[in-house]
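This report refers to the structure that appears directly beneath it.
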Amino acid sequence: MYDIEKNTSVKSVSEAVRVLCADPAAVIIAGGSDVLIKIRSGKLAGCRLVSIREIPELHGIGLEDDETICIRPLSTFTEISENSIIRERIPVLAWAVDQVGGPQIRNIGTIGGNISNGVTSADSASTLCALNAEIEITGPAKNSDGTLKTDGSLSVRRVPILEYYVKAGKVCLEPGEICTGIRIYKKDYDGYCGYYFKYGKRNAMEIATLGCSVVAKINGTLLEDVRIAFGVAGPVPMRCPGTEKAIRGKNIDDNLFRILEKEILTEIHPRDSWRASKAFRLQLAKEMPVRSLKALVEISAAGLKAGSNAKVGLL
């Protein structure tokens with residue numbers, strides 16, 4: 001049995017915002033793969049749920065006129081990995097979400113829930129960081145003095161995904177707000193290839209010991225642009241801007257790899273845990289982007305896009 005005081009199912013974004021404003025302590029539930037575990041363990045015992053699963057505008061993946069990719073938050077991992085827009089334009093994301101749990105979890109787990117629970121190990125998060133994703137947030141409209149408008153009108157704001165994460169387990173959603181979209185702009189994926197590298201102790205149903213996503217624009221062996229993102233290298237998913245700057249514009253060779261390994265260690269902050277030691281994670285962090293860049297040279301040479309046909313897996 002699950003200890004739930006109340007479960008309210010809403011049918012629109014405006015209704016969800018209204019219910020959440022009336023009960024700021026209520027917990028949003030969609031797929032439930034995270035929330036139900038917390039309820040069962042007692043962390044959310046007696047909670048009041050607001051189910052957004054039946055809101056139609058929160059489902060689907062689309063391509064806008066300017067070729068911006070818009071992923072709605074209730075898109076499941078399976079829907080993302082099988083979607084033609086994702087597979088053709090940013091298949092690295094299709095690969096990343098295909099590493100989440102097993103088929104049952106991927107069939108119910110949603111990308112909105114994966115990023116909004118605030119955990120650093122979320123498999124989709126590091127790749128979305130490397131793709132410069134922008135998070136669309138909808139909530140109650142406010143007056144100039146900061147008070148809520150009484151007419152039920154809504155306000156939409158967008159934040160870079162790196163600003164979405166506040167601290168471990170917390171994102172920047174304010175009372176009454178929900179994530180309503182994930183946007184990836186053409187300039188951030190066109191001409192780029194990508195590689196997601198997940199390390200775990202087994203090949204299935206494993207939370208990442210460390211996750212690394214590298215998205216790059218490569219001309220031969222020249223690294224024209226690069227974005228390196230990690231999960232479990234700090235309290236929240238993170239980018240490594242100093243490392244990116246240090247290797248951008250250089251040839252991909254042994255000298256670049258030496259620079260990369262040195263700079264990476266100045267930017268990440270992994271911790272000791274029962275799953276792995278800090279020292280082990282630091283060693284992984286040096287090795288994973290090197291292997292990723294080597295793979296991207298081959299992917300780029302083959303004329304493939306971010307992750308196409310790349311045999312990437314767990315070590």
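The values are calculated or read from the model by the stated rules, or taken from the named source; none is laboratory data. Not measured: the values here are computed from a predicted model. So basically every Cβ, Gly included, is an ideal-geometry build from the backbone, and we count neighbours across all protein chains shown. Accessible surface is based on the protein model in full, side chains and every heavy atom, while ligands, DNA and RNA are left aside. Shrake-Rupley method; radii C 1.70, N 1.55, O 1.52, S 1.80 Å.
Computed values, structure above
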| read-out | value |
| --- | --- |
| Backbone HN-Hα couplings from phi across the stretch 105-115 [Karplus 6.51/-1.76/1.60, Hz, Gly and Pro as x] | 5, 5, 7, 10, x, 10, 5, x, x, 4, 8 |
| Positive-end residue of ALA302, LEU284, ILE111, charge dipole of the chain with Cβ unit charges | LEU284 |
| Accessible carbon and sulfur surface of the stretch 1-122 relative to its total accessible area, %, 1.4 Å | 50 percent |
| Beta bridge orientation in the chain: antiparallel %, DSSP, nearest 5 | 85 percent |
| The stretch 58-141, Rg to Rh (Cα coordinates; Rh as Kirkwood inverse mean 1/r) | 0.95 |
| Hull shadow area, averaged, the stretch 1-151 [alpha-carbon convex hull, nm²] | 10.8 nm² |
| Mean accessible surface per residue for the chain, computed with a 1.4 Å probe while every protein chain stays in place, in Å² | 46 Å² |
| Area of LEU20 that stays accessible when all protein chains are in place (1.4 Å probe, Å², to 10) | 10 Å² |
| Rg and Dmax [Cα atoms of the stretch 221-286; Å; Rg one decimal, Dmax integer] | 12.6, 40 |
| Which of MET288, MET238 is most accessible, then next, and so on - probe 1.4 Å | MET238, MET288 |
| Convex hull (Cα only) mean projected area of the stretch 149-255, reported in nm² to one decimal | 10.1 nm² |
| Whole-number percent relative contact order across the stretch 146-229, with pairs defined as alpha carbons under 8 Å at least 6 apart | 16 percent |
| Links that overshoot a 31 Å alpha carbon limit, given the list LYS142/LYS245; LYS187/LYS294; LYS11/LYS198; LYS187/LYS278; LYS186/LYS278 | LYS142/LYS245; LYS11/LYS198; LYS187/LYS278; LYS186/LYS278 |
| Percent of Cα pairs exceeding the 16 Å cut-off, where the set is the stretch 19-81 | 57 percent |
| Whole-Hz ³J(HN,Hα) from phi, Karplus 6.51 cos²θ - 1.76 cosθ + 1.60, for the stretch 215-231, glycine and proline x | 10, 9, 10, 10, 10, x, 10, 8, 8, 5, 8, 7, 9, 10, 10, 10, x |
| Net lengthening on full extension, ASP272/ASP225 (0.36 nm per residue, minus Cα-Cα) | 13.7 nm |
| Under-5 Å amide H pairs with SER155, H placed in peptide plane, nonlocal only | GLY139, ALA141 |
| Length-normalised contact order of the chain in % [C-alpha pairs under 8 Å, at least 6 apart] | 17 percent |
| Probe 1.4 Å, all protein chains present, accessible-area order of TRP95, TRP274, largest first | TRP274, TRP95 |
| Residues whose placed amide H lies under 5 Å from that of ILE4, excluding near-sequence neighbours | GLY46 |
